[in-house]
Structure formats: structure tokens, C-alpha cells
1. Would you mind giving the average projected area, over all directions, of the Cα convex hull of the stretch 154-214 in nm² with one decimal?
2. Trypsin sites (Lys or Arg not before Pro) within the stretch 243-286: which are DSSP loop residues with at most 10 other Cβ atoms inside 10 Å?
3. If R0 is 22 Å, what FRET efficiency do you get for residue 262 and residue 242 from their C-beta distance, rounded to 0.05?
4. Mind listing the long-range amide H neighbours of residue 286? Cut-off is under 5 Å, sequence gap 5 or more, other chains count too, H placed in the peptide plane at 1.01 Å from N.
5. Stretched out fully, how many nm does the piece from residue 165 to residue 26 gain, at 0.36 nm a residue minus the Cα gap?
6. Which net charge results when you count Lys and Arg as +1 and Asp and Glu as -1 among the other residues whose beta-carbon is under 14 Å from that of residue 98?
7. Using 0.36 nm times the number of residues separating residue 305 and residue 216, minus their current alpha carbon distance, what extension gain do you get?
8. With θ taken as phi - 60° and the coefficients 6.51, -1.76 and 1.60, list the Karplus ³J(HN,Hα) couplings across the stretch 120-133 in order, rounded to whole Hz; mark glycine and proline as x.
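The values are calculated or read from the model by the stated rules, or taken from the named source; none is laboratory data. Note that the structure is predicted; figures quoted are calculated from it, not measured. Reconstructed Cβ throughout: ideal geometry from the backbone, glycine too, with neighbour counts over all protein chains shown. When the accessible area is computed, the model is the full protein with side chains, heavy atoms only, and any ligands, DNA or RNA have been set aside. Shrake-Rupley method; radii C 1.70, N 1.55, O 1.52, S 1.80 Å.
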Amino acid sequence: MADQNVLRPLEKERSQADLRLIEKIAKGFMVESEEDMTPGYKKALLTQLTVQGDTELLSAPAYYLASRDAPSINSRIAVTAIVHDELGHANIAYRMMEDLGVDKRQLIYGRQPHEFKHPYGFDQPLENWAEMVVANGLFDRAGITLLGDVHQNTSYGPLKRALVKVDREEVLHLRHGESWMKRLSKAGGEVKEALQRAVDWMFPITLEWFGLPDELKRHSGQLDYKLKGKTNDQLRQVWMDSVVPLCEGIGIDVPAHFDEDKKEYLLDYPFPCQYDPTDKQWLFDEPLSWEKVFKRWKARGPMNKTYIEMVQGEFGAKLGSN
Ligand SMILES: [Fe+2]
Ligand SMILES: [Fe+2]
């Protein structure tokens, strides 16, 4: 009881400090170092950087394994270069966390596979070249959508500057994916069918990646602190605004359409719904609560352990030496 009394004024003061910081940020203040932060700001920033770093990191083993299906040496080299970029991007996020007192080696080597915070999409195997290039076209597009928003709106100066390089490289990954998707579609027959199958599971898995709908979103402070500018639903729309026309333009079906009255993209299936990772199949007749989606995410997907083992071996060693 005595402890609680001691804590109360501190909490009050902390939230007032938060309010002051939020007000300053709204007027254009950029946070440059730890001294500028409140504990709440620092916590929200570290959460964001963990998800960012883990997502970049886990794309590396997924793309690396898929690069073995490249149709030529040139295209294998292109994906190997992308893997190299992704490891660099992960290092940027972790390095920034290190400046805020987090142990980078512990982050990479000290966590169990299920403790990483990357999206469920990067727990899945990319099993052929079509899936590899759709990952570039759809997953990297999600990366640009999310990081582009952070780059434009973040109140954290060091992150804003670092994202200039990341954004430029992500655009190249995306172009690689989009140009290959066009080529595979043009080839027709079985090649186009493989492309369609890849989009069939990867389109809904990317939409889930943007997280809870705004109406259910718990207050995280990321918008108040201006660590990001757009809401989850707005980001989902931005992503679809590029991906739906891309797919439709090359004769690939997606379960979404633009609604002229509402001026937004609507999904043609219950969102969210169940996913069968063994068959890589969305069960559109099994709508799900978000609680159950979180449960599926928490249980992680089929490649979680394999990818983390790779990262904590050869890729991790590379990162650790930076
Ligand atoms: Fe990246
Ligand atoms: Fe990328």
C-alpha cells in the first residue's frame, strides 16, 4: 500500500511529461536522443524498432532459401543482393536499439524462435520462384508502405535519416518483384498458374500483417508520439492501391475490389479468417476472431524454427561482426 502511494505521484508526473512531449512533437519537435524521451516514448519506439528489425532479419533466410529456385545465375545474384540489403536493414534497426541501451547480441542470439516479432507471413516457406517474386512484389510493398509512412512522419530524427537508404533499396526489391510477376504472367500456362497460386495465399497474409482494424486497435501511443502517421486500415488501403491494380493489370485475380461509392478497397472474403499453412490455403468459409488470429500468430508458422536457426548461425554471425 505504501509503495502504491509512492508510485502515484511519479506516474502522474510521467503522464504529464508524456503530454508535454506529445504537444511538442505535434508542433514539429524532433526527438534526437534519449534525453528528449519519456519512458513511454522510449518503450513505444523500441517496440516499433523490434518489429522493424525482426521483419527485415527474417526476410533474409526466407529469400535466401527461395533464391535456389532462381531460373538463372543473374536472377539468383539479384536475390542474393536483396538478402544482403535486408540484413543491412535489420542491422540499422538493431543498431538504433543498441544506442538506447539494448544488447544487440542478446536480441539476435538470446531469443527463442517464438519471441521474434516479425509477421506470420515470414514464418512460411517460399517454395518456388513464383513465391519468391510475389514476396518481393507484395511483402516488400508492405515494407515500403509501412516504412515509407514512418520515414515521412516519424518524430525520431535518427530513424528518419536512416530510412532514406532503406526506402531506396526497398524500391529496387519491389521493382524486381513486379517486373518478374509481369514476366511470369506473360509466359502463361503452368507458369501463370503458379503465380496465381502464390498470390492466392500471399495477398491475404499480407493484409493480415497490417494488424488489427482501427475500430479494435488498442491505444499504443505510436500515433500520438508520431512514430507513424497512418492507421492500420489506412496503410492497408495504401498497400491495396498499388497491389490490386498491379495484379488486375497482369490478369491475376485478387479477393478485393475498389468500391466507387465508398472510394476504398473492399475485401471479398471475411476478414480475418482461418489459414491452413500445410496446404497454403485460406479458408474463406471459416471467419475468425482477432483473438484467434493472435493465437495462430503466437504459435508461429512452419518455418519459424528453421529460419531462426539459420539467423542465429551464419546470418547472425555476419550481423554480429558489423
Ligand atoms: Fe528491407
Ligand atoms: Fe526488401
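1. 5.8 nm²
2. Filter output for the stretch 243-286: 262, 263.
3. 0.75
4. Result for residue 286 returns 274.
5. Taking residue 165 through residue 26 to full extension adds about 47.5 nm, to one decimal.
6. +1
7. 29.0 nm
8. Here the 3J(HN,Hα) series is 4, x, 8, 9, 9, x, 9, 9, 7, 4, 4, 5, 4, 6 Hz.
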